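Laboratory data are not the source of any read-out in this text; all were calculated from the coordinates shown. A quick note: this is a predicted structure, and the numbers were derived from the prediction, not measured. Backbone-built Cβ (ideal geometry, glycine too); neighbour counts: all protein chains shown.
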Amino acid sequence: MLSRTRRDLTMAEAARGPGNARVDHLVVADMIEPRSRVLDVGCGDGELLKLLESRGVDGRGIELSREGVNECVAKGLAVIQGDADTDLVDYPNDAFDYVVLSQTLQATRHPRAVLEHMLRIGRHAVVSFPNFGHWRIRLLLLFGGRMPQTDNLPDTWYDTPNIHFCTIKDFRDLCGTVGVKMERALALNAWGRPLRLNAPWWFWNLFGEQAVFLLGRRGD
Amino acid sequence: MAELKVVPSRIAVAREREADQPRSPVAIFEMDRPLRLDAGVELSPFQVAYQAYGELNAERSNAVLVCHALTGDQHVSNHHPVTGKAGWWDTMVGPGRPIDTNRYYVICPNVLGACMGTTGPASTDPRTGLTWGLDFPVITIRDMVRAQAMLLDRLGIDTLFAVAGGSMGGMQVLQWAASYPQRVFAALPIACATRHSAQNIAFHEVGRQAVMADPDWRGGRYFAEGVSPRRGLAVARMGAHITYLSDAALHRKFGRKFQDRDNPTFSFDADFEVESYLRHQGSSFVERFDANSYLYLTRAMDYFDLAADCDGVLANAFKGTRTRFCVISFTSDWLFPTSESRAIVHALNAAGARVSFAEIATDKGHDAFLLDEPELLQIVAGFLDSAAAARGIAKA
């Protein structure tokens, strides 16, 4: 499941930066060298790709939802209809400088396989995801006793596309298991602004509404 | 009347005249410009009939080649001189349409082997003064594209802004991108494949056998003998027409409804609407199409296999390409299903090409590419618009 519907976007949806770009998109875009080749997996309506192309990036996209793809193609973006879980396998090694997975990891069936493919296809991977370890979600589960529903993650447990939620700590562990290099990491607060860079991981894991990781191959 | 009745009409007579003297511009290639065919022979002299719309800009950068399908022709956006019908793709091509003739110079040639003015089996062999018939060499999609490239040379067009087409037209688009990558800025292969599947070859074979089983086919020499295999060609068309639609579309359109009656007649008359519709499709088709052309063009599609020219590796057909691609398929197309388009996309990705791919949800089957599908039109318009901006083509 790869569709980035408007509904399951995090609060950063509302947070807009310069040029009316979404703050979380700006954070992702800042991790990408200009004029590089980028594959955006789960590119939605193509907003991030548009932002990247305005920075001289040669961008391509994959999107599951037919409406999203058709909207992108009609905007002139090079986007194909496809599924991260099944279609990344068809891309050759080293085809891209960066493979981006923005707000989509938790909706994939096999997050680990997707991550491994990303770093096979691209020299770097940029992954952003909602942090399930955020204090508000913890409180909802602790005192509500039910699967948390928030403004940013409003779906009920039985119809959410997000089948693999994780916390920032969980994702760090996965990176260790897969053996990828964490080149940069950022946690964003509820308003899409980065938390203090020198904050410890437990602080990010508690107060980061979402996280953005720049990953590389170990040994590169 | 249970048997299919097909009577020749004025349309058939007018169509036969078009084969040699079409009411379209014609480029004639004399003996000094032979066409080298994949079959290993040269075709010479030959001619290419085409239609052109809009104006070529000063930079000669706005030319769009539209490739027609099996039974199409060059009359993409004008009234057909023989049938009087509107152009076969006038939802797509015309002033203000996605392939905007106010902005682009649009050329649509009749393909090699067809019967509307480009040399084919229905044309007169100038060396003998007789209709080519089965003496016409077997041609391929690549031969069609070679002939088109010669036409463009003649028109002084070095680079095409875009090549677009559906079905057999899409095969030509892919062949263009593979044979002349540096001459194609953008490519739009719609509802097609890089090779004809066994099932599709099988359907074609049934159609050809229907033609050849008609006693009036006369071993392909029906012209000389003053007859025409109308019943055979009509049956071929009826069979093929089913493959262009879908179960859902046939059900929606006809269901099990009776034609002009309330009860079955307990005969082999066309009781059902769908039968009546197919008979009409068959009989009107034979008016406007030559039976031998049908054999040659279906054969050309059967032989199409882009990967075979590249040691079986499809991606090699597009190696190093700088062409932008927009691949489109339709959910209910079972002749060229989405999996075929995905194979194109995978190969293009492997070649590092700039490719977009959209699958459009419709129950109209393969023929959807010819119909007024808003999403199709919107995608083609958007793709061409951004490509035109990248190419520096002024807005209309």
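What to note about this one:
- Counted charge near B:Pro121, where neighbours are those whose Cβ lies closer than 9 Å (Asp, Glu -1; Lys, Arg +1): -2
- Simple Cβ-charge dipole of chain B, Lys/Arg +1 and Asp/Glu -1, about Cα centre, in debye nearest 20: 560
- Local electrostatic count, B:Val93, Cβ distance below 14 Å [Lys/Arg +1, Asp/Glu -1]: -2
- With a threshold of 29 Å on the Cα-Cα distance, the over-threshold entries among A:Lys50/B:Lys319; B:Lys85/B:Lys364; A:Lys75/B:Lys364; A:Lys181/B:Lys319; B:Lys319/B:Lys364; A:Lys75/B:Lys319 are A:Lys181/B:Lys319; B:Lys319/B:Lys364.
- Restriction of the GluC sites (Glu not before Pro) in the stretch B:10-61 to DSSP coil positions whose beta-carbon has at most 11 other beta-carbons within 10 angstrom yields B:Glu30, B:Glu59.
- Overall dimensions of the stretch A:123-164 as given by Cα atoms, namely Rg and Dmax in Å: 12.4, 43
- Whole-angstrom gap from the stretch B:104-140 to the stretch A:171-220, using each part's C-alpha centre: 66
- Using a simple spin-label model with pseudo-atoms 7 Å out from Cα toward Cβ, B:Ser9 and B:Asn263 lie 3.4 nm apart.
- Here chain A is treated with +1 on each Lys and Arg Cβ and -1 on each Asp and Glu Cβ, and its dipole about the Cα centre works out to around 640 debye.
- Per-residue mean of C-beta atoms belonging to partner chains within 10 Å, peptide A:78-86: 5
- Taking every C-alpha pair closer than 8 Å and separated by at least 6 residues, the mean separation divided by the residue count of chain B gives a relative contact order of 19 percent.
- q = 0.06, 0.10 Å⁻¹, the protein assembly as shown: log10 I(q)/I(0) [Debye, one scatterer per Cα]: -0.39, -0.90
- Interchain or long-range residues, amide H under 5 Å from B:Ala187's placed H: B:Val163, B:Arg324, B:Phe325, B:Cys326
- Loop-resident trypsin sites (Lys or Arg not before Pro) (DSSP state other than H, G, I, E or B) in the stretch A:23-66 with no more than 13 further Cβ atoms inside 10 Å of their Cβ: A:Arg35.
- Rounded to whole Å, sorted largest first: equivalent-ellipsoid semi-axes of the stretch B:228-328, Cα gyration tensor: 39, 19, 11
- B:Trp334/B:Ala58 FRET efficiency (R0 41 Å; Cβ-Cβ; nearest 0.05): 0.35
- Of B:Tyr296, B:Ala390, B:Ala14, farthest towards positive along the dipole that unit charges on Lys, Arg, Asp, Glu beta carbons give the protein assembly as shown: B:Ala390
- Per-residue mean of foreign Cβ neighbours for B:375-386 is 4 (Cβ atoms of other chains, 10 Å radius).
- Counting Cβ atoms of other protein chains within 10 Å of each residue's Cβ and taking the mean over peptide B:345-352 gives 5.
- Once both labels are positioned 7 Å from their Cα atoms along Cα-to-Cβ, the gap between A:His110 and B:Asn78 label points is 5.6 nm.
- Estimated vicinal HN-Hα couplings, Hz - the stretch A:117-127 in sequence order (Karplus 6.51, -1.76, 1.60; Gly, Pro = x): 5, 4, 7, 8, 6, x, 6, 10, 10, 10, 10
- Isotropically averaged projected area of chain B, using the convex hull of Cα atoms (one quarter of hull area), nm²: 19.2
- Just so you know, the averaged projected area of the alpha carbon convex hull for the stretch B:31-155 sits at 8.4 nm².
- Measure of compaction for the stretch B:115-235 (Cα Rg per 2.2 N^0.38 Å): 1.27
- Full extension of the segment from B:Ala394 to B:Thr124, taken as 0.36 nm per residue of separation minus the current Cα-Cα distance, would add 92.9 nm.
- Summed residue charge, Cβ within 10 Å of B:Phe254's Cβ, Lys/Arg positive, Asp/Glu negative: +2
- Proximity of backbone amide H atoms, modeled 1.01 Å from N, is registered between A:Phe129 and A:Gln103, A:Ala211 at under 5 Å, excluding neighbours fewer than 5 places apart on the same chain.
- P(r) weight above 28 Å for the stretch A:11-217, C-alpha pairs, percent: 23
- Point-to-point label distance, A:Lys181-B:Ala86, nm (Cα→Cβ direction, 7 Å offset): 6.1
- Those trypsin sites (Lys or Arg not before Pro) in the stretch B:90-167 that DSSP places in a loop and that have at most 15 other beta carbons within 10 Å: B:Arg127
- Amide hydrogen neighbours beyond the local backbone of B:Gln259, cut-off 5 Å, H modeled: B:Phe272, B:Glu273
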